[in-house]
Amino acid sequence: ETGVTQSPTHLIKTRGQQVTLRCSSQSGHNTVSWYQQALGQGPQFIFQYYREEENGRGNFPPRFSGLQFPNYSSELNVNALELDDSALYLCASSDEQGGRGGYTFGSGTRLTVV
Amino acid sequence: QQQVKQSPQSLIVQKGGISIINCAYENTAFDYFPWYQQFPGKGPALLIAIRPDVSEKKEGRFTISFNKSAKQFSLHIMDSQPGDSATYFCAALQGNQFYFGTGTSLTVIP
């Protein structure tokens, strides 16, 4: 059984650019959530995807968008990057919509915006 | 506004000692309370979790104590080991969204 895989592991972008982060969910999991973890902080919920539809969104602007594919993998897209977008972006998958069984987190993508 | 407040920010414990991390919340709609362990360069890993109808849950050296009336819950790590040195996050679930505390950096000194 594979865990959650995220790519790339590290990324440096310039302010104003766009970025796409990718996540492969754990085998058997059909729900994917994305979190932003700023340095020294706890993860903050961006949004969740279930059966290819957005299923809840945190307090993030529309320039944060996502997709889920039929194989349950997912992408996080961020447009018009700002310096404050620099963070660790975590993908988490779960085997039920509500996630009470616990999420399995990937190791994250470290995004640096300069 | 921080929905889940966690303390202390950092903790140093001698090997074999007890590590205690506390969290408090206000939102009574939370219905699941996990603790996550995170090592540098890794994502958080589920350690132990509790539902609000249970006052205590123990798994090996890890125990969650839950006080529903006080809206507080805590993680106790018994016989702390150097390998337990990591950052610990409490969290609370409402709907499909987890709210995380700000984390506690635990260092266990050999």
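At the interface with chain A (Cβ under 9 Å from one of its Cβ atoms) and of a type in the set (Phe, Trp, Tyr): does that describe B:TYR25? Answer is no for this residue. Considering only residues in the stretch B:65-91 that are small (Gly, Ala, Ser) and more than 11 Å from chain A (Cβ to nearest Cβ), the one that is farthest from B:SER10 (Cα to Cα) turns out to be B:SER69. Taking the conditions (1) within 13 Å of chain B (Cβ to nearest Cβ); (2) within 24 Å of B:GLN38 (Cα to Cα) in turn, A:GLY56 satisfies each one other than (2). On inspection, A:LEU90 passes the criterion of being surrounded by 19 or more Cβ atoms within 10 Å (Cβ to Cβ), touching a Phe, Trp or Tyr at 6+ places or on another chain (Cβ under 7 Å), at the interface with another protein chain (Cβ under 10 Å from one of its Cβ atoms) and part of a strand (DSSP E or B). Residues that are more than 30 Å from A:GLU54 (Cβ to Cβ) and among the basic types (Lys, Arg) number at least 3 in none of the strands (runs of 3 or more DSSP E) confined to chain B. Given the structure, is A:TYR50 more than 11 Å from every other protein chain (Cβ to nearest Cβ) and at pLDDT below 95? So A:TYR50 fails the test. Residue count for the stretch A:22-46 satisfying the condition of being within 13 Å of chain B (Cβ to nearest Cβ) and in a strand (DSSP E or B): 11. List pairs: first in the stretch B:1-24 and at positive phi, second assigned to a loop (DSSP other than H, G, I, E, B), Cβ under 6 Å, 6+ apart or cross-chain? Qualifying pairs under 6 Å: B:GLY16/B:ASP79.
The values are calculated or read from the model by the stated rules, or taken from the named source; none is laboratory data. Predicted, not measured: the structure shown is a model, and the values here were computed from it. We place every Cβ from the backbone using ideal geometry, glycine too, and count neighbours over all the protein chains shown.
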